[in-house]
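Novice: One structure coming up, written as structure tokens, with questions to follow.
We did not get these values from a lab; they are worked out from the coordinates using the rules stated. Everything numeric in this text was worked out from a predicted model, so none of it was measured. Positions of Cβ are backbone-derived with ideal geometry, glycine not excepted, and every protein chain shown enters the neighbour counts.
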Amino acid sequence: MDKCLPRQEIIRRKEELQDLYLNGGLIRDRLFVVRWQARPDGRRRVAFAAGRRLGGAVVRNRCRRLLRECYRRNKHLLPAGLDCLMIARMAMLGCPLAVVEAAWGRALKKLNREYEREGAAGENVRRAAPDCCDC
């Protein structure tokens, strides 16, 4: 098991996060939402978010820290070639790591099913709509 989360595995560019949020697949859980999108280069990347309505900075940082730790411990179960955005929900407040990790396991099963279904359909990479209005 890898003890760290390398910088190469974190999505940092705003444009990439917006594209993932708008065009990616969606997995809902009681504790968090996972937006995902296949990548053509086979790399696995992730981002973590917690909105202001969850509470102050301390609360939001704890939520992101829990999500990051769940990903770090179980990233070997995630298919290669995926971008994921994990967004904390209100129900996550006050949850211990074990509960969040169990929810991440359920979300991974759903994600793997959808990823396989999309790959079987021949659509490995979702495409964004063109920015122009020539349609």
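Novice: With axes computed from alpha carbons, what is the tilt in degrees of helix 57-74 against the longest principal axis of the chain, rounded to the nearest 10 within 0 to 90?
Specialist: For 57-74 against the chain, the angle is about 70 degrees.
Novice: Still on this structure, I have one more. What fraction, in whole percent, of alpha-carbon pairs in the stretch 72-119 exceed 13 Å separation? All intermediate terms of the calculation are to be shown ahead of the outcome.
Specialist: Numbers: 700 of 1128 pairs.
Counting every Cα pair in the stretch 72-119, those more than 13 Å apart make up 62 percent.
Novice: Follow-up question, since we're still on this one. Given the chain, what percent of its DSSP beta bridges are antiparallel, to the nearest 5? It would help to have the intermediate numbers written out before the result.
Specialist: Values: 11 of 17 bridges.
Antiparallel: roughly 65 percent of the beta bridges in the chain.
Novice: Using the basic label-point model (7 angstrom from Cα toward the beta carbon), what is the E69 to L26 distance in nanometres?
Specialist: For E69 paired with L26, the spin-label model returns 3.0 nm.
Novice: Sticking with this structure for a sec: For Cα pairs less than 8 Å apart in space and 6+ apart in sequence, what is the mean separation divided by the residue count of the stretch 8-118, i.e. the relative contact order in percent?
Specialist: Details: 158 pairs, mean separation 38.3, N = 111.
RCO, the stretch 8-118: 35 percent.
Novice: Tell me which label goes with the value of Rg/Rh (Cα atoms, Kirkwood Rh) computed from the coordinates here: (i) 0.92; (ii) 0.98; (iii) 1.01.
Specialist: (ii)
Novice: I would also like to ask the following. Give me the one-decimal nm value for the distance between modelled label points at R43 and R113, 7 Å along each residue's Cα-to-Cβ direction.
Specialist: Spacing of the two 7 Å Cα→Cβ label points: 3.1 nm.
Novice: As I understand it, the value is the acute angle between the Cα axis of helix 14-23 and the longest principal axis of the Cα atoms of the chain; what does it come to in degrees, rounded to 10?
Specialist: Taking Cα atoms only, the helix is inclined about 80 degrees.
Novice: Can you give the helix-only mean residue ellipticity at 222 nm for the chain, where every DSSP H stretch with n ≥ 4 adds -39500 (n - 2.57) and the sum goes over all residues, rounded to the nearest 500 deg cm²/dmol? Intermediate results must be reported in sequence, preceding the final value.
Specialist: On the way: 3 runs with 52 residues, N = 135.
Calculated at 222 nm, the ellipticity per residue is -13000 deg cm²/dmol.
Novice: Calculate how steeply helix 97-120 sits against the longest principal axis of the alpha-carbon atoms of the chain, using the helix alpha-carbon long axis, and give the answer as 0 to 90 degrees to the nearest 10.
Specialist: With rounding to tens, the tilt is 10 degrees.
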